[in-house]
1. Considering the options Asn62, Phe83, Pro111, tell which one lies farthest towards the positive end of the dipole of the stretch 54-115, charges being +1 on Lys and Arg and -1 on Asp and Glu at the Cβ, about the Cα centre.
2. Taking only complete DSSP H runs, can you tell me which helices of the chain stretch 18 Å or more along their own long axis by Cα positions and average at least -0.5 on the Kyte-Doolittle scale?
3. Have a look at Val175, Pro226, Val186 and report the one farthest towards the positive end of the charge dipole of the stretch 159-256, computed about the Cα centre with Cβ charges (Lys/Arg +1, Asp/Glu -1).
4. Figure the gain on full extension for Asn172 and Tyr126 (residue separation times 0.36 nm, minus the Cα-Cα span) and round it to one decimal in nm.
5. Give me the percent of DSSP beta bridges within the chain that run antiparallel, rounded to the nearest 5.
6. What are the aspartates and glutamates whose alpha-carbon lies under 16 Å from the alpha-carbon of Lys5, with same-chain residues fewer than 8 places away excluded?
7. At 7 Å along Cα-to-Cβ for each site, give me the label-to-label distance between Ser232 and Thr92 in nm.
8. What is the chain's relative contact order, in percent, from Cα pairs under 8 angstrom and six or more apart in sequence?
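Computed from the coordinates by the stated procedures, all read-outs in this text should not be read as laboratory data. Since this is a predicted model, take the numbers as computed values, not measurements. Note: ideal-geometry Cβ built from the backbone for every residue, glycine included; neighbour counts use all protein chains shown.
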Amino acid sequence: MINKKKGRVFSGARPTGKQHLGNYLGAIKNYVALQDEYDCVYCIVDIHALTTVKTTKDLNQNTYEMALDWLAAGIRPEETIVFIQSQVPEVTELHIFFSMVTPLGKLTDLPTFKDKVRLQPQNINYGLVGYPVLMAADIALYKADAVPVGVDQAPHLEFAREVVRSFHHRYNTNVLVEPRMKATEVPKVLGIDGMQKMSKSLDNHIELAATPEETTRRVMMMVTDPQRKRRSDPGDPDVCNVFSMHKIFTSEVEVEKINFECRRAEIGCVDCKRLFAGSLNAHLGPFREKRAELAQDPGLVWDILSDGQKRASLIARKTIREVKEAIGLPLSQS
Ligand code: SF4
């Protein structure tokens, strides 16, 4: 049973396997913090992944690794519901009901759909068109009051709100909850190339679960202030990705010192990166310990996901029953 806090938050992420610093700073850290104020429902959206993945052979392992990282980072399954989207099939029912109140033209006009068409012209499947409708169903099924989103994701949530409103209007009901946006600052985390967003596919990432040695090796590859060619050149921390990361993981006093010394060429980039690797490894220490502990019993993560599925199903079944009633469909007696 969920203890009511400020309301219920829902968020989902595709099963992308071992998580990296970008995932941590962009989502996981916030997921962990939200637990203090909200009842949280976090979903591994494997059905969504099917719209774009080329092969499903890693789906299972990627789901496991991602859940393991979430738990090691501080998601508390005794209070938060963590589950796999495809294990609660009611979401596909709600998706179908929502599809009847969503104009097709609106879906094909969405910039995200156009992007997908551009990225995978050889596979413009029906699921890609209905993607935002499934997302609206994800949120509405669990009657989430709030969804944490960054500014660039705001149009998606607005779309979900519209779908809920259309449903309410079409069937003259208010059985669902129109989710509000919980504006979240999502920092743009650059990869070790210092240019593009951190991403596994670009191989510019730093994995949370990497060993300290591997982490240090990746940090030492980080691009710094591109104008600083020699050790004797003064640097500009304001344009340096290593410095941006220092501001997150290194103590304020140390950051001030680096800021001062870099501008006077009193510290070299190699030493600066070594300092950052130290800060990052210190920060990730407890995470790695917890991860290793959880990984000792692989069944544990699956048990947690199964428990999440049971708790999510209770909410989902109730919502679907209310939705069918509101539509006027005959209800099953069982
Ligand atoms: S010394 Fe540090 S902050 Fe300055 S450019 Fe080098 S890596 Fe960046």
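1. Checked the options; the winner is Pro111.
2. Result, helices passing both filters: 59-73, 126-141, 269-295, 298-327.
3. So the residue furthest toward the plus end is Val175.
4. Between Asn172 and Tyr126, full extension yields an extra 13.7 nm.
5. Here the share of antiparallel DSSP bridges comes out near 10 percent.
6. Asp36, Glu37, Asp39, Glu78, Glu79, Asp145
7. That separation, rounded to one decimal, is 6.9 nm.
8. Relative contact order of the chain: 22 percent.
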